[in-house]
1. GLN68 versus (1) within 22 Å of THR100 (Cα to Cα); (2) more than 10 Å from ligand 1 (Cβ to nearest atom): which is the lone unmet condition?
2. Hey, can you tell me all the residues within region 177-217 that are within 16 Å of ligand 1 (Cβ to nearest atom) and in contact with a Pro (Cβ under 8 Å, 6 or more places away or on another chain)?
3. Determine whether THR161 is within 19 Å of VAL307 (Cβ to Cβ) and of a type in the set (Val, Ile, Thr).
4. Yes or no: region 256-277 includes at least one residue that is basic (Lys, Arg), surrounded by fewer than 19 Cβ atoms within 10 Å (Cβ to Cβ) and part of a helix (DSSP H, G or I).
5. Take VAL252 and tell me if it is part of a helix (DSSP H, G or I) and within 14 Å of ligand 2 (Cβ to nearest atom).
6. Identify all residues within region 1-18 that are of a type in the set (A, V, I, L, M, F, W, C) and in contact with a Pro (Cβ under 8 Å, 6 or more places away or on another chain); write none if there are none.
7. In region 5-36, how many residues are away from ligand 1 (no atom under 16 Å from the Cβ) and in a strand (DSSP E or B)?
Amino acid sequence: MKKRIGIVFGTRPDAIKMAPVVLELRKRSDEFIPLAISTGQHRQMLDQVLQVFDVRTDIELDLMRHNQTLNGLTCRILESMDTLLAENPLDCLLVQGDTTTAFAAALAAFYRKVPVAHVEAGLRSHDIYQPWPEEVNRRLAAVVTQLHFAPTPLAAENLLTEAIPAQDVVTTGNTIVDAVHKLLEMQTIEHPLPEGVPDDGSPIVLMTSHRRESWGVELENICDSILELVECFPHIRVIYPVHLNPNVTSTVEAKLSNRDRIHLIPPVDYFQFLSLLRRCYLVLTDSGGVQEEAPIFHKPVLVLRKVTERPEASLLGMAKIVGTSREMIVREASRLLSNEYAYKTMAAGECPYGDGRAAARIATALSRWLNGERPVLHDSEQFQGAASSEQVSMGSDELVGHAVEVSGEDLAGQAEGRGDSIC
Ligand code: UD1
Ligand code: UDP
């Protein structure tokens with residue numbers, strides 16, 4: 001009997017990471033009847049992704065509202081998913097990551113006793129407010145999940161530490177690596193620079209920042225650090241595709257619009273973003289997905305957060321957590337812009353997040369799991385992690401050292417613009 005699998009997504013990163021899974025399950029049509037379900041948590045940013053991967057959704061819930069609240073969105077997803085699940089019997093619902101879509105859809109499935117499988121399970125920052133609310137969304141999804149697809153050995157370890165039975169945890173690699181590989185196969189990722197950005201050979205700093213926990217003073221600090229960097233390094237250009245959340249655009253536009261060599265642009269499609277990633281010199285980001293993609297292109301990443309649930313790249317020296325303090329961001333970015341040795345050291349190494357075969361592993365494991373076969377994937381079939389995964393695993397004990405502490409006083413001082421130039 002073919003298995004009916006619901007695959008739910010709603011935001012830009014859900015869709016990028018689920019697209020390879022949808023395409024893989026559709027390929028295995030002798031085994032699966034996949035149903036691609038969009039909550040529509042995002043609209044324009046989601047449509048950009050679906051067009052690039054040519055993924056047609058089977059059911060569209062269209063739930064985004066302007067400046068939506070977490071509670072409002074969660075209620076709409078629960079209600080709509082409940083009706084959907086009542087009308088569409090499923091053998092399993094696949095959810096991805098840590099968004100409200102992932103958590104609320106998993107809960108709705110649990111209430112309908114539909115088994116849940118969680119893609120990108122097991123990442124942990126161990127701080128419920130960072131990232132907020134995503135750390136908790138991901139943990140809550142785990143509670144109602146029966147099959148956990150951990151992207152890396154470290155994520156699998158986190159789940160085992162929480163007493164999840166080993167036979168329910170499969171290490172697959174992150175599907176974002178599959179997504180990047182797919183696009184690289186589809187076309188050469190070499191777009192012209194976005195409209196309005198002169199192609200004059202200037203080194204490009206690519207940045208994104210949108211996390212809820214940074215709204216307000218911390219996002220202002222991040223913007224101040226960009227102003228300072230552009231002043232200190234007159235040869236660089238900063239390209240910042242700004243998230244459509246109005247709480248982000250209002251701060252970023254007030255601080256950074258109409259500044260020389262700072263290019264605020266609307267979100268770009270995935271081809272263009274990967275093209276920028278390939279082209280840029282350095283990445284400054286608080287995005288989860290961008291932290292995973294940058295090492296594929298050997299680009300050093302400065303992580304604009306105080307702690308990350310994706311520590312592998314920083315444990316291998318390919319990323320650095322710099323927090324949201326103006327001083328720290330400027331100091332670390334300056335070092336990479338002026339010290340070739342420091343730059344080359346960070347640009348070396350292989351991406352620790354996946355090998356491009358995650359979706360295939362997920363489909364095989366799902367098929368075996370639904371047919372009662374155990375283990376669902378033999379150890380040798382699972383993703384083994386970075387070549388230096390031992391180093392990652394050893395380093396994970398020292399994660400605290402990879403977090404950045406910034407005092408309230410620092411933040412207040414920066415907000416008032418008291419910090420002296422340090423580059
Ligand atoms: C959400 C995710 C976050 C993820 C981010 C990815 C949660 C809790 N957070 O962020 O993990 O990193 O998406 O981008 O699920 N908007 C548009 N068009 C769009 C998308 C958003 O106009 O295509 C505007 C709308 O006004 C919307 C607002 O942005 O109400 C916020 O969208 P939302 O999905 O709630 O964003 P976040 O929760 O900040
Ligand atoms: N991305 C994109 N266009 C942009 C900015 C980002 O396609 O203008 C992609 C990026 O390559 C990554 C994903 O969006 O794969 C990250 O999404 P986001 O930062 O919104 O969410 P997060 O990963 O932080 O949850």
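1. Exception for GLN68: condition (2).
2. ALA179, THR208, ARG211, ARG212, GLU213
3. Here the answer is yes, as THR161 does meet what is asked.
4. Checked against the condition, which is being basic (Lys, Arg), surrounded by fewer than 19 Cβ atoms within 10 Å (Cβ to Cβ) and part of a helix (DSSP H, G or I), region 256-277 yields no hits at all.
5. Spelling it out, VAL252 is indeed part of a helix (DSSP H, G or I) and within 14 Å of ligand 2 (Cβ to nearest atom).
6. Selection gives ILE5, ILE7.
7. Adding up the residues that qualify gives 8.
Results for (1) under 17 Å from the mean Cα position of the chain (by Cα); (2) without any contact (Cβ under 8 Å) to a residue 40 or more places away in the chain, shown as yes or no for each residue.
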residue: LEU25; (1), (2): no, no
residue: PRO34; (1), (2): no, yes
residue: LEU46; (1), (2): yes, yes
residue: THR69; (1), (2): no, yes
residue: LEU73; (1), (2): no, yes
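The values are calculated or read from the model by the stated rules, or taken from the named source; none is laboratory data. Computed from a predicted structure; not experimentally measured. Reconstructed Cβ throughout: ideal geometry from the backbone, glycine too, with neighbour counts over all protein chains shown.
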